[in-house]
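Note sheet for the following structure.
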Amino acid sequence: MILNWLESLHADVKITEKCSRQRNYRSTCIVCAQACKLEAISFNERTVVIDSQRCNSCGDCIIACPLSTMKGLPGTRKFDHTSLIFSEAYTPTEKELLIYKKRGMNTIQITDIPLNEQWGFALNETNRILKLLGEKPIEVVRNSKEEKLSRRALFSSLQKEGKQLARSLAPVSWQMEEDEWNLTRYYQELQFYSVEMDKNKCTLCQACFSFCQQKVFRLEDSVLQIQHEKCVNCTACTDICPEEAIRIRPEIKEKSVTVESFFTKKCQDCGHVYASFKKGKEKCHICVNRDPEWLSPY
Ligand code: SF4
Ligand code: SF4
């Protein structure tokens, strides 16, 4: 079984149907492409294309995707129990380190080479956030043992030393499923983004509510709730909104809910029942924008 898992480090990265690009032709999400240093990711009309010749299965895109929609294992990451082993082959993001921290990682292990500048920056930023959250920082520890085994050496060591070694290098808690890279899962009492809706522009068409896979928006009776802690900044709402009424602002704080009241009305032109933030508005937004010569859509 362990051998199967180690072999699966070679597995291709796969995009699942939750990807914003596949769900919405207006999606402008490029997070995975920005994360890929090998420029192996491009986009066609409705999906993400991974160039298998360029992709080295480092997993940076899997970790970066705000909706955690990519399948695969980040092959470059190695752990020794609760230590992430420093490697110049990649640089972890703050998001990645925060997730590892919640899963039990508390140190970064170095041998003779000190952390490079990029790792140092990511670690400082992560520790700054952890301090805000009142949590212990991630520390750097030195290990004289040579833990950075190449894949070939790892397989030969495994044959020699058996399952015990494999367990220490690949404990179960580091085998992440595709939906386990979602930060909101680990910090449920916090919000990382604030969702700002401009009530003067919003027509309550509800397109954003349908496209938000995190279910940030909740309509109940005559009240709209915006549950900021669920937002992962996937930009599906800002991409779909025809009125440009939504803005996502990065902000780490205790989770909060915005509650907005709205009115339910009957359009004077077409008779359609619609919702509006504005009390005095007597036509639905379709009739407001419709050429008066056109027939009513209802
Ligand atoms: S509120 Fe917008 S940006 Fe946040 S998760 Fe929902 S769709 Fe994505
Ligand atoms: S898509 Fe835009 S206009 Fe429609 S409900 Fe959302 S914020 Fe309002």
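A few remarks follow.
- Residue in segment 84-92 that is touching a strand residue (DSSP E or B) at 6+ places or on another chain (Cβ under 6 Å) and not aliphatic (A, V, I, L, M) present: yes
- Filter result (over 18 Å from Val31 (Cα atoms), within 9 Å of ligand 1 (Cβ to nearest atom) and part of a loop (DSSP other than H, G, I, E, B)) within segment 186-240: Lys215, Val216
- Restricting segment 241-255 to residues that are in contact (Cβ under 8 Å) with a residue 40 or more places away in the chain and out of contact with any Phe, Trp or Tyr (no Cβ under 7 Å at 6 or more places or on another chain), the residue that is nearest to ligand 1 (Cβ to nearest atom) is Ile246.
- Test: residue in segment 11-21 that is at pLDDT below 90 and more than 28 Å from Ile240 (Cβ to Cβ): yes
- In segment 106-147, the residues that are touching a residue at least 12 places away in the same chain (Cβ under 8 Å), in a helix (DSSP H, G or I) and under 16 Å from Glu88 (Cβ atoms): Gln118, Trp119, Ala122, Leu123
- In segment 40-86, residue surrounded by the most Cβ atoms within 10 Å (Cβ to Cβ) [restricted to those that are more than 22 Å from Glu180 (Cα to Cα) and aliphatic (A, V, I, L, M)]: Ala40
- Of the residues making up segment 124-146, just one is among the hydroxyl-bearing types (Ser, Thr, Tyr) and at pLDDT 95 or above, namely Thr126.
- Selection within segment 259-276 - in contact with a strand residue (DSSP E or B) (Cβ under 7 Å, 6 or more places away or on another chain) and surrounded by 15 or more Cβ atoms within 10 Å (Cβ to Cβ): Phe262, Lys265, Cys267, Tyr274, Ala275, Ser276
- Residue match in segment 242-255 (condition: within 19 Å of the chain's Cα centre (by Cα), within 14 Å of ligand 2 (Cβ to nearest atom) and closer than 30 Å to Glu135 by Cα): yes
- Any chance Ser210 is surrounded by fewer than 16 Cβ atoms within 10 Å (Cβ to Cβ) and more than 14 Å from ligand 2 (Cβ to nearest atom): no
The values are calculated or read from the model by the stated rules, or taken from the named source; none is laboratory data. Computed from a predicted structure; not experimentally measured. Counting neighbours? That spans all protein chains shown, and the Cβs are built from the backbone with ideal geometry, glycine included.
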